[in-house]
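> My questions will all concern the structure given below.
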Amino acid sequence: MGVITILDTGDVKKILYKCFRLDVLSITPTVHGISDTAYIVEGSNNAYLLKIYEDKDKENIVNEINLLNTLFHGGFSVPRPISFYKREHLYILDLLGKTACLFTVIGGDIVKMPSHQHVAQIGSFMGRLHQFTHKQIMRRNLYTSDRLLYYIDKCQKGLFDDYVYIIDDVNTHESDGIIHGDLFPDNAHFMDNHLTGVFDFTGACNGSFYFDLAVVAMSWCFEETRLNKDSLDSLIHHYLEVSPIQDFTYQRFIKWMKYGALYYGAQRCYMSINRPDQPIARDHEEFIQKIDCLEKMEGHGGDIYTFAKRAGVRAEEVIDFSSNINFVKPNVNIDLNGLNLLPYPDPDYRDLRDAFNDLYSIPEGCDMEFYNGASAGIFSLFRSLKPQDCILYAPIYSEYKKAADLFASHTILVNRLDDLYYEPPQASLVVFVHPSTPDGNVYPIESLLQHWKNKASHILIDESFLDFTEALSVVPLLEEYPSLYVLKSMSKFYSGAGIRVGAVLSDRENIRVLRSHEPMWKLSSFDTRYIMDILKDTDFINRTKESTLKNKSLLIQILEESGLFEEIYDSQANFVLTRLKDLNGHDLQDRLTDHRILVRVCDNFDFLSPSYIRFAVKKQEDLETLERAFKCLL
């Protein structure tokens with residue numbers, strides 16, 4: 001809150017004494033916020049906050065007073081409204097023709113740079129608040145798309161046009177109970193790093209708990225315009241420990257964060273144009289930059305279309321180091337005109353199944369189920385297993401987190417860089433990508449299987465990149481581990497991200513259960529024909545391994561000679577993870593945009609910061625372009 005209405009100190013002292021029998025020593029204006037005027041009133045015994053409502057009607061003020069009284073008596077550390085002397089139910093006074101109220105002051109100070117500890121406490125507070133207000137009624141939702149569109153309409157034309165689509169991604173009219181709606185860092189106090197209380201419930205109303213938490217994440221978990229993922233994870237973890245939300249999903253939450261940033265960005269812009277009398281602490285550009293950051297988080301390597309639009313070039317002009325698809329092309333000669341599309345495809349994909357058996361030596365008693373891409377296989381498996389505890393060895397492909405959010409009761413992220421032999425809970429699903437992404441490391445997988453076998457009910461090993469290495473597959477071990485599943489992707493090694501063919505391999509009974517939940521046809525005749533023809537190129541595997549090894553050496557040399565990187569990690573896959581010295585990854589990406597080079601900033605991988613960049617191994621011409629770009633930067 002800030003100061004809009006200027007008070008005559010002498011007159012106010014008389015009014016406060018008359019109404020509250022309060023001997024006032026001093027009255028000091030506050031400087032935070034944008035909606036109402038606030039003064040700190042020092043009495044002879046206590047300090048109070050005098051709040052002057054600039055544009056609120058009496059009914060809404062009464063709602064706020066009633067809510068604060070309810071929360072205060074419910075054990076929450078919030079401001080308590082002060083009633084008139086000997087008039088217990090009268091709280092509202094008139095100052096200069098405006099409505100005002102007196103509240104107790106929450107001790108402590110605002111934190112300018114919230115730490116994980118601060119964020120965790122705010123997460124717990126929000127969880128308890130939502131548990132307490134779940135399904136309670138206060139007043140209509142103030143944060144709907146209708147109000148947002150009104151703000152946007154009153155701002156500079158076209159300013160938010162590129163972001164209006166965000167509104168369609170969430171249901172802004174849903175209501176879970178009473179929300180705070182505006183819990184920015186300047187609405188909470190801490191003392192010795194401990195939360196002393198939360199205030200400014202002026203915007204409280206009925207609304208979505210997702211939105212309420214998203215506003216906190218959007219305002220507490222960013223370092224300027226870069227999202228601190230550790231803070232975000234801490235917020236969500238401590239919130240969900242006590243919150244009534246039972247079906248929380250990370251992807252849905254990111255969409256609400258984008259909506260929260262758009263809402264407050266448009267509101268700030270509207271107020272700066274239409275309410276110049278009110279001080280604006282945050283420029284709307286800050287919120288747009290946060291949306292852009294969140295959109296990058298939602299992303300994944302290979303989004304050349306968004307990058308091309310931003311760079312002002314055609315998609316085919318982009319040199320895509322972000323996508324880890326094999327740059328070596330197989331010799332394929334398909335006559336699509338000769339492909340008979342009249343009959344339905346074989347529902348058992350027998351020819352493709354035979355080819356997989358030849359390629360991966362699948363043991364007797366085991367089977368496979370094909371999917372329209374490996375990601376579809378991930379979601380199918382999670383949907384079928386519905387694990388109580390899901391152990392994801394991270395950093396890991398983001399689709400695993402999405403699937404766990406949807407189908408697992410509890411997800412545990414294990415930092416495999418520090419805790420490889422973590423003890424999983426009994427009857428859990430363990431997921432391990434081998435070789436790993438984004439670092440391309442090969443692990444002692446048989447030793448890990450021995451470690452997990454007595455604890456985990458199910459184990460999923462993702463071997464999407466294994467064909468690039470000399471490491472042994474665990475497919476031959478399927479007979480020994482009836483709880484083991486192996487995921488295979490045909491897009492990475494076989495140079496076809498657009499050919500969506502993936503497979504889950506396991507014990508025959510496990511596959512039967514998986515198949516019982518699936519439609520009859522998932523692969524087109526084009527997909528299966530393409531894969532069958534690729535597998536006829538018997539020299540393709542050797543050409544790929546030789547070319548990948550040669551070009552990876554050249555890539556590492558270019559990275560080393562650039563002087564930009566603190567560390568370049570060993571990788572046995574077709575990509576190389578690096579850590580920058582002085583820049584962060586988004587800054588490097590900005591500088592490479594003019595060269596039409598797209599790289600993979602790894603800050604949406606758990607336990608990695610924006611200083612981590614992954615480079616896919618590419619053809620020599622592209623590597624030379626990267627080398628020239630680095631020289632230009634230096």
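> Taking the condition assigned to a helix (DSSP H, G or I), at pLDDT 85 or above and in contact with a Leu (Cβ under 8 Å, 6 or more places away or on another chain), does LEU559 pass?
So LEU559 does not fit the description; no.
> Same structure, new question: Could you please find all residues in the stretch 490-547 being modelled with pLDDT under 85 and among the aliphatic types (A, V, I, L, M)?
Listed by number, the residues that qualify are MET490, ALA497, ILE499, VAL501, MET520, LEU523, ILE531, MET532, ILE534, LEU535.
> I would also like to ask the following. So the check is Cβ under 8 Å with 6+ separation or different chains; which pairs have a first residue in the stretch 184-197 that's modelled with pLDDT of 95 or more and in a strand (DSSP E or B) and a second one that's aliphatic (A, V, I, L, M) and surrounded by fewer than 18 Cβ atoms within 10 Å (Cβ to Cβ)?
Final answer for the pair search is ALA188/ILE110; HIS189/ILE110; PHE190/ILE110.
> Here are the criteria: (1) under 29 Å from the mean Cα position of the chain (by Cα); (2) among the polar types (S, T, N, Q); (3) within 24 Å of VAL433 (Cα to Cα); (4) not in a loop (DSSP other than H, G, I, E, B). Tell me which single one SER571 does not satisfy.
(4)
> Mind telling me which of the residues ILE325, ILE291, ILE245 ends up being modelled with pLDDT under 90 and more than 18 Å from the chain's Cα centre (by Cα)?
Unique residue meeting the criteria: ILE325.
> Also: Give me the pairs, please: first residue somewhere in the stretch 161-178 and closer than 16 Å to ARG147 by Cβ and in the same structural domain as PHE248 (by TED's automatic domain parsing), second residue anywhere and among the β-branched types (Val, Ile, Thr) and part of a loop (DSSP other than H, G, I, E, B), beta-carbon distance under 9 Å, and either six or more positions apart or on two chains.
THR172/THR144; HIS173/THR144; SER175/ILE137
> Among the residues of the stretch 507-515, is there at least one that is under 28 Å from PRO444 (Cα atoms), out of contact with any strand residue (DSSP E or B) (no Cβ under 8 Å at 6 or more places or on another chain) and part of a helix (DSSP H, G or I)?
There is at least one residue in the stretch 507-515 that is under 28 Å from PRO444 (Cα atoms), out of contact with any strand residue (DSSP E or B) (no Cβ under 8 Å at 6 or more places or on another chain) and part of a helix (DSSP H, G or I).
> Here's a follow-up. Give TYR530, TYR481, TYR494 a once-over and let me know the one that is surrounded by 23 or more Cβ atoms within 10 Å (Cβ to Cβ) and not acidic (Asp, Glu).
TYR494
> Here's another thing I want to ask about it. Filter the stretch 360-395 down to residues that are in contact with a His (Cβ under 9 Å, 6 or more places away or on another chain) and of a type in the set (D, E, K, R) and give me whichever is farthest from VAL486 (Cα to Cα).
Checking each candidate, the answer is ASP389.
> Which pairs turn up if I take residues in the stretch 604-620 that are in the same structural domain as VAL576 (by TED's automatic domain parsing) and farther than 17 Å from TYR393 by Cβ and look for partners that are of a type in the set (Asp, Glu) and modelled with pLDDT under 95 with beta carbon separation below 7 Å, at least 6 apart in sequence or on another chain?
Short answer, once both residue conditions are applied: SER609/ASP603; PRO610/ASP603.
> Let me ask another. So, PHE540, is that one out of contact with any strand residue (DSSP E or B) (no Cβ under 8 Å at 6 or more places or on another chain) and of a type in the set (Phe, Trp, Tyr) or not?
yes
The values are calculated or read from the model by the stated rules, or taken from the named source; none is laboratory data. In this text, all values refer to a predicted model and were calculated from it rather than measured experimentally. Because the Cβ atoms are built from the backbone with ideal geometry, glycine has one as well, and the counts that use them run over all protein chains shown.
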